[in-house]
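Each reported figure results from applying straightforward, stated rules to the coordinates on display, with no laboratory input. Here the structure is a predicted model, which means the values were calculated and not measured. Here the Cβ positions follow ideal geometry from the backbone for every residue, glycine too, while neighbour counts run over all protein chains shown.
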């Protein structure tokens, strides 16, 4: 093989599911029986369209009871006001009599206390009316919540209820998930990237997407969101895996397919050229290749051409390296057998005058087949490729080699 100039794009591959970028889960805020289900799976709805109607009987009865209670409280308020007027008149009369010393102090204090009590009763009645009005407003809101409408334009997906079914809901907890309203013309792929690769992924990285439903097509995409929190599976076991969720927006080319069964009209688009897009459906499987870095027109070699060697070892040490791990550990007191990190270097074998010459190299990014060479060899040099065992152990610096077309053999 020959070292050549090549553009290398480093990829991070991950798999996941297609989902809408914007998707609203529809849950009830009140409990009850569904008496009307106005949509079915796949229907397009506009903001404000009726989705579900829940039986309102108990909420209407509650409003009637609260209305009656409010009227009772208002009647009591009027009665309290009348009593207060009488108490004020009695107080004025007794105050004049007391000033003239015509009644005792005890009688005067009793009249004043009755006036204060009536004032407190009036305040209490006013507060009770405010409370009753608040309860009535809440009951009216609950009655209104028995009618559920679309919060946005979109397509009904994930419909999980039927007419006649009972659903649960209140303001303190999430209610029954009835359906979702999704914008299917703005889709993304949710993938999980391993912790070793996530450090290479950046916001706005371009991607190439393969969707199983479109096996002969590749779509462009862009990274829009990278999770900060990890998702750990198999925690505490040997199979523990740490991944990070990444969202990739599908940048859909229009006019991808002329067949109507493969295209869907997007009602929310105002651009005539964007009115039709591939019919992606939530839950479709997809594979994403994230382009994390690109090196243009750089020296590259096949990945298998690069190996590592210990420059400090002589032929005896190389023989010892092939022994079992137990023998190496047992003889670790011998300084000649200690492998130092600084002695382990990346090398490539090149063919010069019929000999395999070991050259130390510095590598850069890699793709699936080739790796970038930053220094050590130049484009056009003939290199040796082969099995890992051959390049890492058997082949030695200076070995005679014979080049036969694309095959290199050595003695």
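Report the FRET efficiency, 1/(1 + (r/R0)^6), for residue 378 and residue 293, where r is their Cβ-Cβ distance and R0 is 35 Å, rounded to 0.05.
0.95
For labels at residue 147 and residue 135 in the simple 7 Å Cα→Cβ model, what's the distance in nm?
Those two pseudo-labels are separated by 2.6 nm.
Rounded if a/c is under 1.5, else prolate if a/b is larger than b/c, else oblate: which is region 106-256, with a ≥ b ≥ c the root eigenvalues of its Cα gyration tensor?
prolate
Separation between the residue 168 and residue 67 pseudo-spin-labels, each 7 Å from Cα along Cα→Cβ, expressed in nm?
3.2
I want to check the label-to-label distance for residue 86 and residue 200. Put each point 7 Å from Cα in the C-beta direction and report it in nm to one decimal.
9.1
When the chain is fully extended, how far beyond the present Cα-Cα distance does residue 13 get from residue 104, taking 0.36 nm per residue of separation?
23.0 nm
Note the full-extension length gain between residue 308 and residue 242 as 0.36 nm times their separation in residues minus their Cα-Cα distance, in nm to one decimal.
Difference between extended and current length: 20.9 nm.
Assign one of three labels to region 184-234, namely rounded, prolate or oblate, based on the Cα gyration tensor with a ≥ b ≥ c the square roots of its eigenvalues; rounded applies when a/c is under 1.5, prolate when it is not and a/b is larger than b/c, and oblate otherwise.
prolate
First measure r as the distance between the Cβ atoms of residue 2 and residue 228, then evaluate 1/(1 + (r/R0)^6) with R0 = 35 Å and state the FRET efficiency to the nearest 0.05.
About 0.20, to the nearest 0.05.
Tell me, what is the FRET efficiency for residue 95 and residue 126 to the nearest 0.05, using R0 = 30 angstrom and their Cβ-Cβ distance as r?
0.70
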